[in-house]
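> The structure is given below, and queries will be raised subsequently.
What follows is calculated from the coordinates using simple rules that are stated; it is not laboratory data. This one's a predicted model, so the numbers in the text were calculated from it and none came from an experiment. So basically every Cβ, Gly included, is an ideal-geometry build from the backbone, and we count neighbours across all protein chains shown.
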Amino acid sequence: MHELALPVELEQQIVNGIMKGEQNYLQMRLRENPNLIVSNGLSWARGNYIDTYVGKETETNSKVTYNIAKAGYAWGYLQFAYAQSERNKSLIFVKNIRTIGPQFNGSSTNISDYINEYAGINNHLVNNGKLEGRGINGSFQMELLPSKSMIDSNDVDRFYIVTYDHDEGGQLSKIILTMPNQRTNKLFQVEDLSELMNNSGIEFNDDELNVAGDNNSNIPDAVYGQQKYSFEVPTTQTEQSKKEG
């Protein structure tokens, strides 16, 4: 476990919420698809379901609170705050990698002032060498970005983004705990939480998996535009992967 990792209990709660949100989103698609001539717009509701169920899962955690914020003019999402001590908080976003990827592709031209400001929360960790790593790249698709934070950054000393991703079949495949690095404009991978998906108790039935695949195939890449995001993983992790390979 990385020294910057969140408590295992909290990480599991977040993963459970993502899994439950995903399942409830797919069940909504199953209910509504037959009633609609066109249903592609329902895809944009996935984030609301996932945020909602992460909120529900963390409500029993006395150290976690959340606020409703907006992206763009009306798109609502949740910002989570974890009080790791009396004086300090961690700001946590839960985002599809399609949403946050374009902000952290290693280029300073894409990052918004808002995201850049909050990435600066982690500068003391960058200065201490805590977010050093080697880059790995991948493709993503872009969704709506947040425009304003509802949590005061003055009492926040860590900024996390939990990213989730789907495979080519539309199935939830990866959940990664990251920290934005303002200096490199990349996401530092703190923990791969994907294995915790097996502990969530959530299993997707055939109907849910089918609608996940249909949903994925019905949204062409051209809607978002292919981009690149950049992850940085701890150097020791990269070296270990080479040895195992």
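> In terms of the ratio Rg/(2.2 N^0.38 Å) built on C-alpha atoms, what value belongs to the stretch 31-87? Numbers along the way, then the final one.
On the way: Rg = 15.4 Å, N = 57, 2.2 N^0.38 = 10.2 Å.
After normalising by residue count via 2.2 N^0.38 Å, the value is 1.51.
> Amide H neighbours of Ser173 under 5 Å, at least 5 residues apart or on other chains, H built in the peptide plane: list them.
Asp165, His166, Asp167
> OK, next. At R0 = 35 Å, how high is the FRET efficiency between Asn88 and Asn48 if r is their beta carbon distance? Nearest 0.05 is fine.
Values: r = 29 Å, r/R0 = 0.83.
Calculated transfer efficiency: 0.75.
> Measure off 7 Å from each Cα along the Cα-to-Cβ vector at Asp192 and Asn127, then give the distance between these two points in nanometres to one decimal.
Going from the Asp192 label point to the Asn127 one covers 3.3 nm.
> Less than 20 Å from a label point 7 Å out along the Cα-to-Cβ axis of Glu32: which backbone N atoms in the stretch 50-70 qualify, by residue?
What the label zone holds, given the 20 Å backbone N cut-off, is 50-56, 69-70.
> Give the shape of the stretch 1-66 as rounded, prolate or oblate, defined through the alpha-carbon gyration tensor: a ≥ b ≥ c are the square roots of its eigenvalues, a/c under 1.5 means rounded, and otherwise the shape is prolate if a/b is larger than b/c and oblate if not.
Values: a/c = 3.39, a/b = 2.75, b/c = 1.23.
Verdict is prolate for the stretch 1-66.
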